[in-house]
Every structure is written in C-alpha cells, then in structure tokens.
Amino acid sequence: MIADSIIAADYILTMDDSLTVIENGALAVKGTDILDVGTFDEISRAYTSERVTRKQQNVIFPGLINTHTHAAMVYFRGIADDLPLQEWLNNHIWPAENKWLSPEFISDSIELACLEMLKGGVTVYNDMYFFEDSAAHATKKIGMRAVLGSGILDFPTKSGNSPDEYLAHAESFIKDWKGDELISPCIAPHALYTCGTETLKKAKAMAEQYSVPLHIHLAETKWEVEEVKMRYRMKPVHYLESLGFLDETVLAAHCIWLDDDEIEVLAKRKAGVSHCMESNLKLASGFAPVVTMLMSGVKVTFGTDGAASNNDLNILSEMSTTAKVHKALSENPTALDAKTVLLMATRWGAEALGLGDRIGSLEKGKRADFVSMNLNKPHLTPLYDICSHIVYAAMASDVDAVMVNGRFVVENGRLITADEQEILSKARQWSEKIRA
C-alpha cells in the first residue's frame, strides 16, 4: 500500500490504552490520517512512500494539548507582572484590552502564539477570548488545531455590550466554523463572578443546542469562592451543579479551591479540568488538589493560561513543574509519575475537549498530529527512560518537527507555513504602540 509519508523514530510513544512504546518505530501517513504505526521493519514491509524520513536519535509522540489559554494575550506578555489576580485583571489587563483589542490585534497576536506553541510541540489549544473569528482564520492559516470559545461576560468590552450580544457572537461563530477540520467552536462564559445565573443558563442551553463544549474559569482564587458563596449561598461547583451546567462537555480551568465534595461532583459529572500550574504559582492563586482529583477519577489536563500571567505557552515546562511540585505537596515521590503526566498532556487533553476520537494518541485511523523531538542533546544524554526524559529533561527547543492533520508545519525546528521573522516583526511593532 502507498503512503504519503513514512516517518521513523528511535522511539514512538503511542499513548494508546496500553501506553505502548515502540523502539525503532515508524508511522505511515496518508492524507490527514495515520495509516499504521509499528516497527520500522513492519511499516516498511506493508507500505511504500516517496517520502521516507529517518532521523537518528529522535522520539515521536502525540502533539501536546494546551487545554486553557487566552492565546492573543501573548502581546501583553510582561506588561503587569508580580501582582495578585484581581489587581492584575482590574487595573492592568482589562484596561489594556479595552484600549487595544481589535480583529487585527487578535489576528497578529494569534500568529505569534501559534508560532510559540508549535515550536514547543503543542498542536492544539483551547482558547477563551474575543474576536475569535480572527483567531480562527489566523490559526487555520498557520495549520494549527484549536478549540476556540467566544468569551461571554455580563459587562461591556471592546467585543460586546451585553450578555446577549456576546451570545449572539458565539452563535454566529459556531455556525461559521462547526465541522471545520482544524477549528472547533465552543462557548466560553468567563467565570461565576463575571457571568450571572441567566447568562450561564443561556450559555449552557446554546452549548447543548449546537453540541459544542463549554469552557469556564472555576474556583481560581479564595476571593472568587467567597464571592460565589456570598451571592448564591453555595460553593462554586455546587452552584454550577444546581444549574445543571456540569457534564462531560465542560472544561473547567484552574479548580484550585475545591473541597472533596466538590471534587466528587466533578468526577460524577465527568467534567474535565485544566491545571495551570505556572500561572497559579506566579499569581499566588494557590495549589490545585490535582492528586486528589486524579484519584477521584477527574480527568485533569494541562493549560498554560495566557502569556500575560505565565509568561509563556510552554506545555513541556508545565509538565515538569507540575510533576515536581505535586510530589512535594503530597510528600510522595511516586505521585504524578511521568506516564500519567504524558497522558494528561496528550490523550486526556484530547478527550476533555471532545476530540479523543481524532487525536491524543498515535493509532490507526486517528489524525496525524505528532511531534518529533531531537534526543541528541547534552541534557537528554544518556537515555534510560524515554517518558522520564520528556517530562523531566526535555525543552521546547528540542522539538525538531511537528505534523498537524497530516501536514508538516514545523521542520528542522522552523515554522514552514508562515514567515517567522514577519510574525516577530509585527509583534515588535505592536509592542511599540502598547509601550507608548
């Protein structure tokens, strides 16, 4: 059988149900899909291709998934550091957004965010922001996969004046993009303290009407929890449960200040959680009970949050930091082992976004979304355990090639679907305006 390409690797981490690791492996790709995966000898006997890529000292694994970010905020990287969340939002970020947000701003900044994520091995991101139609076009142009949610609030911003207007934008976006091969629309009510009961109910109803995911901030700070208790006489998760909001289509970001009974509800409803370790640390928001959530059956994944509060979009560093911090917090060096962390960053991330049938593992019939990493580096030598190396030692700069939907978008460490220098130049031009 003829394949469009055959890509060989010293190691292939499939992240399938058996967590199979194939040494001297290969992938056969045709169109957007993986035809087969196995040893190089097996694939070579079964398939032929005019494009066979064999590199020494490399590993292939599923594309990393960033399940919570505000990607366009990459243009606000570093403008308001070392501040508590509410001061950071109210006094710096929201004023900057009200001044600068526009379709052009979003389009240009998304290009920079996609460049950064792809070169770090991230093939799909889950976004909550504004002017998402511009984000969709920019993301698709570069060739990245994304779940994009139009932000919904109860107060006016540059992109809307009322909850109904935000919801109308969200509905229009869903109609325009639902069914696209790379862009999946979702609905993104910001948080319980910025969206009232009726807004949340309408967002949920629209998500059900169009069968799209819901993306929301939840229990990120002590202040938020106390605010929700004061307004509704319930803890955040119980309040959402009372609205019939929670189910497997919901991806809740942060989930730091949860009690055990709330964790039980999330597990029962099969809601996904995006853990944003580095943003939580930088904003001093607290430590999410990740180990407890995992033990309770909650599907926990990785998000970077926006680059204005992280300050990068690097899932590899999230993986390493998270594993180490939660070992220390639990006083258990076996907590969050390397294979679990890789699952959180790949297959579980895909499943939490409703994309598990298409991506997240390297298996026959799934989309060809994968990362090839160069292992011929001082910090990756010697090698005894490939999973351990990716989680504890690898860097974004080790990513050599990235394929999304059967198409190489990064080769030899360079973005090939757009001009890197042009993207960086536009970012510097915008920074001059913002600085002024």
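Brief remarks on what is shown
- Sole residue being of a type in the set (Asp, Glu) and in the same structural domain as residue 122 (by TED's automatic domain parsing), chosen from 87, 50: 87
- All conditions in (1) surrounded by 20 or more Cβ atoms within 10 Å (Cβ to Cβ); (2) among the hydrophobic types (A, V, I, L, M, F, W, C); (3) in contact with a strand residue (DSSP E or B) (Cβ under 8 Å, 6 or more places away or on another chain) hold for residue 416, with the sole exception of (1).
- Hits in region 162-190 (condition: assigned to a loop (DSSP other than H, G, I, E, B) and free of Cβ contacts under 8 Å to residues at least 12 places away in the same chain): 162, 179
- Top-ranked residue in region 28-57 [being within 13 Å of residue 10 (Cβ to Cβ) and in contact with a Gly (Cβ under 9 Å, 6 or more places away or on another chain); ranked as surrounded by the fewest Cβ atoms within 10 Å (Cβ to Cβ)]: 39
Residues checked against (1) surrounded by 22 or more Cβ atoms within 10 Å (Cβ to Cβ); (2) in contact with a strand residue (DSSP E or B) (Cβ under 8 Å, 6 or more places away or on another chain); (3) small (Gly, Ala, Ser):
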position	(1), (2), (3)
338	no, no, yes
349	yes, yes, yes
358	no, yes, no
399	no, yes, no
404	yes, yes, no
431	no, no, yes
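- Residue list for region 240-261, filter: crowded, with 17+ Cβ neighbours inside 10 Å and farther than 25 Å from residue 306 by Cβ: 241
- Applying the criterion of being of a type in the set (Ser, Thr, Tyr) and not in a loop (DSSP other than H, G, I, E, B) to the residues of region 276-320, the residue that is nearest to residue 90 (Cα to Cα) is 279.
- Selection within region 271-321 - of a type outside the set (S, T, N, Q), more than 13 Å from the chain's Cα centre (by Cα) and over 21 Å from residue 128 (Cα atoms): 284, 286, 287, 289, 290, 291, 293, 294, 295, 297, 298
- Selection count, region 152-171, where residues are hydroxyl-bearing (Ser, Thr, Tyr) and more than 20 Å from residue 105 (Cβ to Cβ): 1
- Looking at 240, 258, 200, just one residue is in a loop (DSSP other than H, G, I, E, B) and either acidic (Asp, Glu) or out of contact with any Gly (no Cβ under 9 Å at 6 or more places or on another chain) (or both), and that residue is 258.
- Test: residue in region 214-221 that is surrounded by fewer than 23 Cβ atoms within 10 Å (Cβ to Cβ) and within 26 Å of residue 292 (Cβ to Cβ): yes
- Matching residues in region 364-396 - criterion: being of a type in the set (S, T, N, Q) and either without any contact (Cβ under 8 Å) to a residue 40 or more places away in the chain or not assigned by TED's automatic domain parsing to the domain that holds residue 15 (or both): 381
The values are calculated or read from the model by the stated rules, or taken from the named source; none is laboratory data. All values derive from a computational prediction rather than experimental measurement. Don't worry about glycine lacking a Cβ; one is built from the backbone with ideal geometry, like all the others, and counts go over all protein chains shown.
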